[in-house]
Amino acid sequence: MQQTEQSRVGWLNEVREHIGRGAKVAEVGVLRGNFSAHMLRRLSPRELHLIDPWEKQDRREYGDFFMWQ
């Protein structure tokens, strides 16, 4: 796991402590769904809503995503 991905997964652990397991969760800007898989494993949500703009985005639009995929 690369550094940025580790920090995002660590962030999910912090989120889980605040919302608990079985919450309703949404991810906006899904792209390929890599982070969605981490959300499922770490948060164990009751519902997971995945939202994406459905149009091609310039790499600049996704910031550091391309550094950790």
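The values are calculated or read from the model by the stated rules, or taken from the named source; none is laboratory data. For clarity, every value in this text was computed on a predicted model and none was experimentally measured. All Cβ positions, glycine included, derive from the backbone under ideal geometry; neighbour counts span all protein chains shown.
Structure summary
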read-out	value
Residue count, the stretch 17-33 (criterion: more than 17 Å from residue 49 (Cβ to Cβ) and assigned to a helix (DSSP H, G or I))	2
Pair list, Cβ < 6 Å and 6+ apart or interchain, from the stretch 32-48 residues that are more than 16 Å from residue 19 (Cα to Cα) to residues that are in a strand (DSSP E or B)	36/27; 36/50
The stretch 26-53 - residue that is β-branched (Val, Ile, Thr) and closer than 20 Å to residue 6 by Cα and, of those, surrounded by the fewest Cβ atoms within 10 Å (Cβ to Cβ)	28
Subset of the stretch 2-25 (residues that are loosely packed, with under 14 Cβ neighbours inside 10 Å and modelled with pLDDT of 85 or more)	10, 11, 13, 14, 17, 18, 19, 20, 21, 22, 24
